[in-house]
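Notes follow the structure.
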Amino acid sequence: MKARLNYSEVAPDALKAMLELEKFVTNSGLEKSLYELVKTRASQINGCAYCLDMHTKDARIAGESEQRLYALSAWRETPFYTEHERAALEWTEALTLISKNNVPDSLYEATRKHFSEKEMVTLTMSIIAINGWNRLAIGFRTVPGTYKSGTW
């Protein structure tokens, strides 16, 4: 696989804007472990190999277990995730696959049982961020396996 272009070199201001969104989410109080699960799950759905490589590496460093990472694509079928995490994963899937559903009120209400209004905005911004990163990496073919933790 060969990268199509290096978007961070071609349009550094675009990268800067994405990093500001990432900074907001990182400093929002959203649990790092939850954010890594959200980033990994959205990347699985989108088929982003680069982001899967990145976020599974970062999740492991943050203390995530191999078992939970391996089972993430089948999270509904396992007892490995808390109700809080399950709500976030359901919201992640709905927003990532938004063209296939209408994000029903019932899902919003179920998610709100686990997140405050502010946390809902933060969680949603985290999903927006990873979906954006996925589209950059997939569209420009960022080469998987090149990420080293701590380089952002």
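Pick from region 26-55 the residues that are at pLDDT 95 or above and β-branched (Val, Ile, Thr): which of them is nearest to Tyr70 (Cα to Cα)? Looking at the filtered set, the residue picked out is Thr40. Every test in (1) of a type outside the set (Asp, Glu); (2) surrounded by 14 or more Cβ atoms within 10 Å (Cβ to Cβ); (3) at pLDDT 95 or above; (4) more than 18 Å from Val38 (Cα to Cα) is passed by Arg141 save one, and that test is (3).
A residue that is of a type in the set (D, E, K, R) and touching a Phe, Trp or Tyr at 6+ places or on another chain (Cβ under 8 Å) occurs somewhere in region 42-63.
Lys2 passes every criterion in (1) over 20 Å from Ile130 (Cβ atoms); (2) modelled with pLDDT of 95 or more apart from (2). Count of region 90-104 residues, restricted to those that are over 23 Å from Leu30 (Cβ atoms) and either within 18 Å of the chain's Cα centre (by Cα) or acidic (Asp, Glu) (or both), is 1. Of all the criteria given as (1) in contact (Cβ under 8 Å) with a residue 60 or more places away in the chain; (2) touching a helix residue (DSSP H, G or I) at 6+ places or on another chain (Cβ under 9 Å), the one not satisfied by Thr26 is (1). Within region 1-23, the set of residues being of a type in the set (Ser, Thr, Tyr) and touching a residue at least 24 places away in the same chain (Cβ under 8 Å) comprises just one member, Tyr7.
The residue that is nearest to the chain's Cα centre (by Cα), counting only those in region 18-55 that are hydroxyl-bearing (Ser, Thr, Tyr) and within 19 Å of Arg141 (Cβ to Cβ), is Ser43.
The values are calculated or read from the model by the stated rules, or taken from the named source; none is laboratory data. Computed from a predicted structure; not experimentally measured. Using ideal geometry, Cβ is built from the backbone for each residue, glycine included, and neighbour counts are taken over all protein chains shown.
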